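Accompanying notes for the structure given below.
Values in this text are rule-based calculations from the coordinates and carry no lab data. Nothing here was measured: the structure is a model prediction, and the numbers come from that model. As a convention, Cβ positions derive from the backbone with ideal geometry for all residues, glycine included, and neighbour counts pool all protein chains shown.
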Amino acid sequence: MFSTLDPSSGRAGFTLSLRARRISFLLLVTATSLALLVLMTLTLFPEGPDAWGVLMLVCFVLTLPWTTIGFWHAVIGLGLMAFTRHPESRVSPHIDSIRGDEPITTSTAIAICIRNEEPDRIARNLGWMLEGLVESGHAGAFHLYILSDTFREEVAQAEEALAESLRSRFGHVIAVTYRRREGGKGFKAGNLRDFCERWSADHDHVIVLDADSAMTPAAMLRLVRIMQVSPRLAILQTLVTGLPSSSAFARIFQFGMRLGMRSYTLGAASWQGDCGPYWGHNAIIRLEPFARACDLPVLPGRPPLGGHVLSHDQVEAVLMRRAGFEVRVMPIEGGSYEENPPTLLEFIRRDLRWCQGNMQYFKLLSLPGLLPVSRIQLYLAIAMYLSAPAWLGFMLFGLIRQGPFRPELGVWMLTISLLMSFAPKFATLFAVLLDRGLRRSFGGGLRILAGALVELIFSLLLVPIAAVSVTVFVLGLPFGRQVGWTTQLRDSDGLPWRIAIKGLWLHTLIGAGFAAWLWAVAPGALLIGAPFYVGLMASIPLAVLTAHPAIGRAIGRLGVCSVPEEIDPPDRLAPGLFTPFSQGSAAPVVAVRGRELA
């Protein structure tokens, strides 16, 4: 049950086994949830239970798993960052399985999945990655596959020209294959399934990329070397961080993600262990077991909940574990990048697509042979999107109820809930401020604190907007509402007011209605309810302002919410990759007429 050596520090100590960590984590989450449930019960029922109060309590229970699990991820992650020398090695032992100079003896495919994407960005990213592999001397161990589901002829022609351009530059050392699939059956999972049926026998591994993905050659080589010495490891997921952006929305959003991601991922990996996550891109996969074990089922019924699986990644992870292989995350920042949505409306659209895919997991919970941890992961993926409707239901029933409660306990419950929700960001912020090297990488302590304050205000405004969007969408799923698989907008030239009003009028109306109702029935609760209705009432101007190019340029010049790759680009030879794409830093290789590719 215990080991007597701390592998991350080389010092004597006691390390809990994976099973013990899982049991301990379960006990912590359960005890915390029960304590919060008791406190909420005391808050709601000073004179005994009533029907509306019971409904409020049920909604509160539905929010507990995601809140308490995230909180303990943050606490454990902070403990690892503060008290171990190499926290990443503690939760991902494969990191220390290589020296970094081992010969590459396997064949790895690099598969980029695209659909109606603007080729300029793909040309920039792929060109930079392939150049680095050539310089490393290991280019011959890789084969690039451009896997297209594009249905627009003019875009397909540009893709073919891009593939030919890459062949002319790198074909003498790295093979380049372009394949366009008709129909797009099965979405991205179907795209990869087609790749596996055609070419999986030709390669040992595949590194999966999205259209906006970028990985340093060193990061790719590290993944391959780890897979070579770890035959039971089938999926190794990197920690994906956001590239610098000229969009104010993306800039602030990914700064918050950067703060919360490290503590959260370390804490999660501490108990998930070999049942880690797969996020669908910027990961390496062992092809033979993937092709054999991860052919996704077509769900019974019609879309949006039936048909082909949208959120394929976590399903493939649990199927790989069912086949007896390990799935792990490598929680090291740097070397693995993506671009985040540039506008609020694009963020909502992506979130709703994930929501639809995760709701399909209801039909997958009963898959035979899944490990208990895998079933829990599927349930948590569902719970992530049930929390928003539950919180809104809690507030709605509270307004209807108008019954007695303990206001002093209510204030405590609100404070505790907010602190627990933001715990991953606070944990990483604390760890960064304590570390001189990390402080410098973010531009210094004052800049970090200023960015954290801006991001906190931004998040308080964003959370209710996202909650209303998810709730309306979930309520519409039984009636056939769906998002589907559409091309993402990756650059922002601004958001017209009419588009923002069309997309967010309901949010504004709900916020104003909630504030008016509070004013009429419980004016003393206006301050407590402000985190909810202010964000909704401000949703339209927030969307327009954070999408405005001038706003983005202004906060960029001020250095607000800067990420380390912006302050000190990791590869001086490729400044274009670490400069926002919309600033035109990289010369296009292939042009496409028009920008409306969605």
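Excluding G403 itself, calculate the net charge of residues whose Cβ lies under 10 Å from the Cβ of G403, where each Lys or Arg counts +1 and each Asp or Glu counts -1. It works out to a net charge of -1.
Placing a label point 7 Å from the Cα of I528 along the Cα-to-Cβ direction, the residues of the stretch 387-409 with a backbone N closer than 14 Å are 394-409. Helix 248-272 and the longest principal axis of the Cα set of the chain meet at an angle near 90°.
Amide H contacts under 5 Å for T177: L144, Y145, I146, restricted to partners 5 or more places along the chain or on a different chain, H placed in the peptide plane at 1.01 Å from N. Between the helical axis of 312-322 and the longest alpha-carbon principal axis of the chain there is an angle of about 80 degrees. Measuring r between the beta carbons of S17 and R375 and using R0 = 22 Å, the FRET efficiency lands at 0.55. Treating the angle as unsigned and between 0 and 90°, give the value, to the nearest 10°, between the Cα long axis of helix 217-229 and the longest Cα principal axis of the chain. Between the helix axis and the principal axis of the chain, the angle is about 90 degrees. Panel order for S89, S270, by other beta carbons found within 10 Å of each beta carbon, from fewest to most: S89, S270.
Here the gap between D568 and L34, fully extended at 0.36 nm per residue and compared with their Cα-Cα distance, gives a gain of 187.7 nm. For the chain, the Kirkwood radius over C-alpha pairs fed into Stokes-Einstein at 25 °C and 0.890 mPa s yields D = 97 µm² per second.
Label 7 Å along Cα→Cβ of L433; the stretch 247-286 residues with amide nitrogen under 19 Å? Zone members listed by number: 255-264. Would you mind finding the longest exposed-site-free stretch of the chain, with exposed GluC sites (Glu not before Pro) meaning DSSP loop and at most 11 other Cβ atoms within 10 Å? That gives 183-595 as the longest site-free run. Rounded to whole numbers, the Karplus 3J(HN,Hα) couplings from phi for the stretch 419-428 are 5, 5, 5, 9, 4, x, 5, 5, 5, 5 Hz, using 6.51 cos²θ - 1.76 cosθ + 1.60 with θ = phi - 60°, and x at Gly and Pro.
Beta bridges per DSSP, both residues in the chain: antiparallel share near 35 percent. Considering only A293, V463, L446, the residue lying farthest towards the positive end of the dipole of the chain is V463, judged by Cα position with unit charges set on Cβ. Note on V58 and H172: with the Förster distance fixed at 60 Å, the Cβ-Cβ geometry gives a FRET efficiency of about 0.40.
Ordered by the number of other Cβ atoms lying within 10 Å of each residue's own Cβ, fewest first, R375, R498 fall into the sequence R498, R375.
Fewest-first ordering of Y361, Y379, Y178 by other beta carbons within 10 Å of each residue's beta carbon gives Y379, Y178, Y361.
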